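K.L.:
My questions all concern the structure below.
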Amino acid sequence: NLPDGACVAFSVRADGYILLHRADRDPDQAWFWTEEWQKGEREADEAKKAGRVLPPMSGDEFLATLIASHEAASN
């Protein structure tokens, strides 16, 4: 009873039966839901909360910040 274009997932049981499931997520986006990616998302959220994320900036501002950071690390 799946509509045309529905996303499906499948699993294979130990006895060889193949089970089809309606997928809640688009399979093309499966990478986003991997544990590795979600760990990075959690780390990014924590960095934002801790104030370790810079605001949006222009290309010139970015280069100036990058150069200043490099110079500070070199000293």
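K.L.:
Could you grab me the full set of residues in region 2-19 that are free of Cβ contacts under 8 Å to residues at least 12 places away in the same chain and of a type outside the set (A, V, I, L, M)?
P.N.:
Within region 2-19, PRO3, ASP4, GLY5, PHE10, SER11, ARG13, ASP15, GLY16, TYR17 meet the criteria.
Condition check ((1) assigned to a loop (DSSP other than H, G, I, E, B); (2) of a type in the set (Val, Ile, Thr)) across all residues:
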residue: GLY16; (1), (2): yes, no
residue: ARG42; (1), (2): no, no
residue: GLU46; (1), (2): no, no
residue: PRO56; (1), (2): yes, no
residue: THR65; (1), (2): no, yes
residue: HIS70; (1), (2): no, no
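K.L.:
Which residues, taken from region 25-75, are open to solvent by 100 Å² or more (accessible area, probe 1.4 Å) and touching a residue at least 12 places away in the same chain (Cβ under 8 Å)?
P.N.:
Selection gives ARG25 alone.
K.L.:
Among ARG42, ARG52, which is under 26 Å from the mean Cα position of the chain (by Cα), modelled with pLDDT under 95 and not aromatic (Phe, Trp, Tyr)?
P.N.:
ARG52
K.L.:
Here's a check for you: in region 1-14, which residue that is part of a strand (DSSP E or B) and under 22 Å from the mean Cα position of the chain (by Cα) is surrounded by the most Cβ atoms within 10 Å (Cβ to Cβ)?
P.N.:
ALA9
The values are calculated or read from the model by the stated rules, or taken from the named source; none is laboratory data. Since this is a predicted model, take the numbers as computed values, not measurements. Heads up, the Cβs are rebuilt from the backbone with ideal geometry, glycines too, and the neighbour counts pull from every protein chain shown. The protein model used for the area step is the full one, side chains on, heavy atoms only, and it has no ligands, DNA or RNA in it. Shrake-Rupley method; radii C 1.70, N 1.55, O 1.52, S 1.80 Å.
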